[in-house]
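Everything on this sheet refers to the single structure shown next.
The values are calculated or read from the model by the stated rules, or taken from the named source; none is laboratory data. Since the structure is predicted, the reported quantities are computational estimates derived from the model, not experimental observations. We place every Cβ from the backbone using ideal geometry, glycine too, and count neighbours over all the protein chains shown.
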Amino acid sequence: MEGQTFHLSPVKRRQFLKGGLLFAGQFLLDSLDPFKTSASSHSSRVVIVQSDSIRAGGLKIHKQIVREMLETAMQNLFPGSPGKTVWKTLFSPKDVVAVKLNCLAGKGLSPHPELVEAIVAGLKSAGIPERHIILFDRLNEDLKRAGFKINRRPPGVICLGNDSAGYDPELIVYRSIGSLMSRVLTNYATAIINVPVLKDHGIVGFSGGMKNFFGVIHNPNKYHLNVGDPYVPDLSSYPLIKNKLRLII
């Protein structure tokens, strides 16, 4: 695996969407400044990494290549941070990091466990203990069908659905949103990594990072009217989500 060359280049939105459909070995990382809480005019940094060698047969992918791709992307996202310190640019050992997956479609159309393992390794390199890393999604069953093992408590990385974590009983009313939110975000997480999938939703249309947060509320079916407008951006801009979001992969 040593000496593997990955392709990195700035692309326009249309080019990315085309590449996202054609290339399996691709990651989008969008850095969001955790210390800015108001609207900003600056553009977010985006890095795309591609490899023709990532497939290991069937639905499997090469773990080591995935890890090298992710590290390459992170180092290009933060060019001033050398090697193993790059994750420390975004995360502190005191953080509790919630990794929001999207596993509704099952294996092959959900985040690969190999990619998530690479993310966990990156967080651990920043000094974050496994017990402070929470992999979560809508339901335990969704996670299991995508190849993840449920682990509700330490030791090890926590992995569970909202049906185990529960929802905070306080109703959140924000713009067009009125929902209960996962206790993973309200009670535990200090930082969020968003790991969505690119797909065409039958009602809302393009589904990516913002719509992935429908999986943190108890009533997402309520917000599919009018192709999700304004519900998708309203939920994503809710301060508890927006101010904790550090990275989109």
Exercise. Scanning the range 107-137 for residues that are among the basic types (K, R) and more than 30 Å from D200 (Cα to Cα), which turns out surrounded by the most Cβ atoms within 10 Å (Cβ to Cβ)?
Worked result: K124
For this session: Return the total of residues in the range 162-182 being out of contact with any Ser or Thr (no Cβ under 9 Å at 6 or more places or on another chain) and under 25 Å from L109 (Cβ atoms).
Result: 3
Exercise. Does the range 122-144 contain any residue that is touching a strand residue (DSSP E or B) at 6+ places or on another chain (Cβ under 8 Å), in a loop (DSSP other than H, G, I, E, B), among the hydrophobic types (A, V, I, L, M, F, W, C) and within 15 Å of L240 (Cβ to Cβ)?
Worked result: no
For this session: Assess whether D168 counts as being farther than 22 Å from L90 by Cα, touching a strand residue (DSSP E or B) at 6+ places or on another chain (Cβ under 8 Å), modelled with pLDDT of 95 or more and among the acidic types (D, E).
Result: yes
Exercise. Which pairs do you get when a residue that is within 28 Å of S207 (Cβ to Cβ) and without any contact (Cβ under 8 Å) to a residue 40 or more places away in the chain, found in the range 85-106, comes within reach of a residue that is aliphatic (A, V, I, L, M) and surrounded by fewer than 22 Cβ atoms within 10 Å (Cβ to Cβ), reach meaning Cβ atoms under 6 angstrom, with the pair 6+ apart or on two chains?
Worked result: W87/A126
Exercise. So which residues in the range 160-206 are of a type in the set (S, T, N, Q) and not in a strand (DSSP E or B)?
Worked result: N162, S164, S176, T186, N187, T190
For this session: Any chance you could count how many residues in the range 65-85 are of a type in the set (A, V, I, L, M, F, W, C) and more than 26 Å from R55 (Cβ to Cβ)?
Result: 1
Problem set entry | Test result for Y238, surrounded by 15 or more Cβ atoms within 10 Å (Cβ to Cβ), over 22 Å from E117 (Cα atoms), over 18 Å from the mean Cα position of the chain (by Cα) and among the aromatic types (F, W, Y) | no
Exercise. Could you count how many residues in the range 98-121 are assigned to a loop (DSSP other than H, G, I, E, B) and more than 12 Å from the chain's Cα centre (by Cα)?
Worked result: 6
For this session: Go through the residues of the range 49-61 one by one and say whether even a single one is under 26 Å from K149 (Cα atoms) and in contact with a Ser or Thr (Cβ under 7 Å, 6 or more places away or on another chain).
Result: no
Exercise. Looking at the range 160-182, which of the residues that are touching an Asp or Glu at 6+ places or on another chain (Cβ under 9 Å) and closer than 20 Å to K100 by Cα is surrounded by the fewest Cβ atoms within 10 Å (Cβ to Cβ)?
Worked result: D163
Exercise. So how many residues does the range 75-104 have that are more than 21 Å from N151 (Cβ to Cβ) and in contact with a strand residue (DSSP E or B) (Cβ under 7 Å, 6 or more places away or on another chain)?
Worked result: 3
Exercise. Of V86, V96, V47, which residue is farther than 16 Å from I248 by Cα, modelled with pLDDT of 65 or more and β-branched (V, I, T)?
Worked result: V96
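Here's the yes/no breakdown for (1) farther than 27 Å from R55 by Cβ; (2) in contact with a helix residue (DSSP H, G or I) (Cβ under 7 Å, 6 or more places away or on another chain):
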position	(1), (2)
P113	no, no
V120	no, no
P129	yes, no
I134	yes, yes
D137	no, yes
K144	no, no
K149	no, no
R153	yes, no
Seminar exercise, completed: With the first residue restricted to the range 175-191 and required to be of a type in the set (G, A, S) and at pLDDT 95 or above, and the second required to be surrounded by 20 or more Cβ atoms within 10 Å (Cβ to Cβ) and not in a strand (DSSP E or B), Cβ contacts under 7 Å at 6 or more apart or on different chains are S176/Y231; S182/N162; S182/A165; S182/V216; A191/F91; A191/D95
Exercise. Can you tell me which residue in the range 207-226 is surrounded by the most Cβ atoms within 10 Å (Cβ to Cβ), limited to those that are at pLDDT 95 or above and not in a helix (DSSP H, G or I)?
Worked result: I217
